[in-house]
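Asks: Sending over a structure as structure tokens; questions will come in a sec.
Nothing in this text is a laboratory measurement; each read-out follows from the coordinates by a stated rule. Values in this document were obtained by computation on a predicted structure and should not be read as measured data. As a convention, Cβ positions derive from the backbone with ideal geometry for all residues, glycine included, and neighbour counts pool all protein chains shown.
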Amino acid sequence: MTQPILVTGGAGYIGSHTCVALIESGHTPLVLDNLCNSSSESLERVRRISGVRPGFVEGDVRDAALLDRVLAEQRPQAVIHFAGLKAVGESVQQPLEYYDNNVGGTVTLLQAMQRAGLRNLIFSSSATVYGDPASVPIREDFPRSATNPYGRSKLMIEDVLGDLYRADPAWRIARLRYFNPVGAHPSGLIGEDPRGVPNNLLPYITQVAVGRLSRLRIFGGDWPTPDGTGVRDFIHVMDLAEGHVAALRHLLAHEGMFTVNLGTGQGCSVLQMVQAFERCCGRGLPYEIVQRRAGDIAECWADPAQAQRLLNWKAVRDLDTICADAWRWQQANPAGYA
Ligand code: NAD
Ligand code: UFG
């Protein structure tokens, strides 16, 4: 029997797409998710896409006894650890929830892995650990900082992983720093399904286009960028998912710990994204330019050279593909998985 890959948070947005990429590359995902921000319907959709329904354990990464049982019974080869909370604004309101879930959950998972003698881990970090970068593109050796509890939880976990590796170099650890994951699987069967009003740009745009929201508010038209709106590195979620497969391949073949950016290396402004989406859906999007959002930065994009060199991976899907796939998902699922 092939050993599964334990995917914590695998019912969520990036996790469900990564399950598809894992199955397509011959791996067997086993999802552990408490469904606090997702629906198990995503896993049924993964089955419709790939022909394989991932194994599913409904549970919490903070449940040590459950982890001991799952690791003993299923003997996974590696863990891809997506489970966590990710809303920046909520993290400011409820910092303890974020430290408990993200930092505490990761420590509980690492302890269970240690007890089980399993030392292969891929961790979802974020470009948020670069704070407000002094320059772009951003390389992995740039200084790190955090401006909110969510970002600080990612910084802390990166440091926990670094300390663990130094204490026991038998661990193999990948710290993957995602830029802005967007888009959906080209089938339109899985995609991003945020609860309530979306915080992020692309789900907001698609909900305006489908008529769930009346107009987009663009946060700031006076940033020091070419068109005055914020610039980000939007990466197609299937490119990101394939980045995890590449990271897993590297991890299983090499000792050590590595940290890589997963981004495209291209900056795209908010207005450019709106225009690309308008082209894709064939209609104008109502928007207004309002004040800057607290905590935002002007521009952020990756230097992806390290990922290409180490993992032989690079993002290949363009902005038009991102918009077309996001739009297909939103139109087929106007209320998400509900
Ligand atoms: P998501 O909310 O869709 O997925 C996270 C999943 O984890 C959800 O299915 C949720 O139910 C589950 N979960 C949360 N806490 C859990 C717990 N204690 N035990 C078990 N399951 C739990 O989010 P996503 O966008 O897929 O993000 C996945 C990871 O990537 C997160 O760690 C996030 O911080 C990180 N990340 C996301 C982005 C982004 O913009 N989406 C950017 C950088 C990093
Ligand atoms: N924006 C708007 N209107 C909106 C939403 C967003 O104008 O309704 C703008 C923002 O001001 C920003 C850009 O669109 O300029 C992107 O904003 P997102 O909220 O989509 O993404 P962020 O870059 O702010 O942050 C995201 C995740 C973070 C993560 C970061 C880097 O939310 O958790 O990417 O990976 F840390």
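Asks: Please report the relative contact order for region 108-169, taking Cα pairs under 8 Å with a sequence separation of at least 6, and give it as a percent rounded to a whole number. Intermediate values should be presented prior to the final figure.
Replies: Working: 30 pairs, mean separation 16.5, N = 62.
Here the relative contact order equals 27 percent.
Asks: If you split all Cα-Cα distances of the chain into 10 Å bins from zero, what percentages do you get per bin, shortest first?
Replies: Once binned at 10 Å, the Cα pair distances of the chain give 6, 26, 37, 24, 7, 1.
Asks: Let me spell out the model: positive unit charges on the Cβ of Lys and Arg, negative unit charges on the Cβ of Asp and Glu, origin at the Cα centre of region 159-242. What dipole size does that give, in debye rounded to 20? Before the final figure, lay out the partial values.
Replies: Working: 9 positive and 10 negative charges, 49 e Å.
The dipole magnitude comes to about 240 debye.
Asks: Using a simple charge model, +1 on the beta-carbon of Lys and Arg, -1 on the beta-carbon of Asp and Glu, nothing else, what dipole does the chain show about its Cα centre, in debye to the nearest 20?
Replies: Numbers: 32 positive and 35 negative charges, 71 e Å.
Its charge dipole is roughly 340 debye.
Asks: Continuing with this model, one more query. Residue separation times 0.36 nm, minus the C-alpha to C-alpha distance between Arg292 and Ala72: what's the value?
Replies: Details: separation 220, 0.36 × 220 = 79.20 nm, distance 4.97 nm.
Using 0.36 nm per residue and subtracting the Cα-Cα distance, I get 74.2 nm.
Asks: Further question on the same structure: Can you tell me what share of the DSSP beta bridges in the chain is antiparallel? A percent to the nearest 5 is fine.
Replies: Roughly 5 percent of the beta bridges in the chain run antiparallel, per DSSP.
Asks: Could you tell me the relative contact order of region 196-242? Use alpha-carbon pairs under 8 Å, at least six residues apart, and round to a whole percent.
Replies: Numbers: 24 pairs, mean separation 8.0, N = 47.
It rounds to 17 percent for region 196-242.
Asks: For the chain, which span is the longest to avoid every loop-located (per DSSP) member of trypsin sites (Lys or Arg not before Pro) having at most 12 other Cβ atoms inside 10 Å? Show your work: numbers first, answer last.
Replies: Numbers: sites that count: Arg195, Arg215, Arg283.
Of all site-free stretches, the longest is 1-194.
Asks: Using the Cα centre of region 244-311 as origin and beta-carbon charges of +1 (Lys, Arg) and -1 (Asp, Glu), tell me which of His250, Val270, Cys280 is placed farthest towards the positive end of the dipole.
Replies: The Cα lying farthest towards the positive end belongs to Cys280.
Asks: Right, something else. Given just the C-alpha atoms of region 35-79, how large is their convex hull per residue in cubic angstrom?
Replies: Numbers: hull volume 4.1 nm³, N = 45.
Convex hull volume per residue, Cα atoms: 91 Å³.
Asks: Still on this structure, I have one more. Where nothing but the Cβ of Lys and Arg (+1) and of Asp and Glu (-1) is charged, how large is the charge dipole of region 256-338 around its Cα centre, in debye to the nearest 20?
Replies: Values: 8 positive and 8 negative charges, 29 e Å.
For region 256-338, the charge dipole is close to 140 debye.
Asks: Put a dot 7 Å past each Cα toward the Cβ at Arg212 and Asp63; how far apart are the dots in nm?
Replies: 2.8
Asks: In region 210-234, which residues have a backbone nitrogen under 20 Å from the label point lying 7 Å from Gln275's Cα in the Cα-to-Cβ direction?
Replies: Output list for this probe position: 216-234.
Asks: Which cysteines in the chain lack any other cysteine whose Cβ sits under 4.7 Å from their own Cβ?
Replies: Lacking a cysteine Cβ partner under 4.7 Å: Cys19, Cys36, Cys268, Cys281, Cys300.
Asks: Just report the Cα centroid separation between region 70-89 and region 138-197, whole Å.
Replies: Centre-to-centre distance over Cα atoms comes out at 13 Å.
Asks: Still on this structure, please answer the following. Cut-off 20 Å, label point 7 angstrom out along Cα-to-Cβ of Leu285: give me the residues of region 161-190 whose amide nitrogen falls inside.
Replies: Answer for region 161-190: 179-190.
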